[in-house]
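Since the structure comes first, as structure tokens, the remarks are kept for the end.
The values are calculated or read from the model by the stated rules, or taken from the named source; none is laboratory data. The structure presented is a predicted model; accordingly, all values stated were derived computationally and were not measured. Neighbour counts run over all protein chains shown; Cβ positions are idealised from the backbone, glycine included. Note: areas computed on protein heavy atoms with side chains; ligands, DNA, RNA excluded. Shrake-Rupley method; radii C 1.70, N 1.55, O 1.52, S 1.80 Å.
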Amino acid sequence: MQKRKALSSDEAFLLSEKVFKNFIEYFKPFSGQNVHIFIPIIKFNEIDTKIFIDYFLSRNINVFVPKIVDRKLISVQIFNDTSFETNNWGISEPVSNEDSEVLNFNYVITPLLYCDQKGNRVGYGKGFYDAFFANISSESKKIGVNYFNPNEIVEDIYENDIPLDYLVTPTEVLSFLTKGLE
């Protein structure tokens, strides 16, 4: 978190662009696919996913974003004209509370504080994404995005923690899938 907050807004944007380019080059998303992607928390200097969202919408890729309703993460489909509001945590969310009930995503682009070399993700400690991962199709690719490459092991793993399949950084795309499953 400290390393991320130390980045200037220009540095963070340039690194976000590199993460975006690596994602597009590696995964090659196309029209008709379903992508669930988070809206960045500006005060936490998260990856700027608006670059991704604009790209997806311009190419008729179905875009879904998280919204917390009754302490549960739901997936709301958004469009170019979707209205947003800022919640109590300072996160921009769609005004709609209508859960798309889509469970089969091609990609779930996930926020994180850190991800280790095994795909273990450190989030913000609420467990929303682990619960979400448990309910979606096992075919959905769970992808973390981060400014930094992993160099430490996450020690405090819980039994309900679900690891990521991939991590995209400004310099590389790491796969945590067992060989032969890609």
Mind checking which residues of region 105-142 are open to solvent by 30 Å² or more (accessible area, probe 1.4 Å) and within 14 Å of residue 65 (Cα to Cα)?
106, 128
For region 166-175, check the following and say yes or no: at least one residue is surrounded by 14 or more Cβ atoms within 10 Å (Cβ to Cβ) and more than 18 Å from the chain's Cα centre (by Cα).
no
The condition of being closer than 20 Å to residue 141 by Cα, over 16 Å from the mean Cα position of the chain (by Cα) and not in a strand (DSSP E or B) holds, among 100, 96, only for 100
Exactly one condition in (1) modelled with pLDDT of 95 or more; (2) touching an Asp or Glu at 6+ places or on another chain (Cβ under 9 Å) is false for residue 122; which is it?
(1)
How many residues, within region 48-93, are touching an Asp or Glu at 6+ places or on another chain (Cβ under 8 Å), hydrophobic (A, V, I, L, M, F, W, C) and either part of a helix (DSSP H, G or I) or crowded, with 17+ Cβ neighbours inside 10 Å (or both)?
4
Hey, among 35, 19, which residue is touching a residue at least 24 places away in the same chain (Cβ under 8 Å), assigned to a strand (DSSP E or B) and surrounded by 13 or more Cβ atoms within 10 Å (Cβ to Cβ)?
35
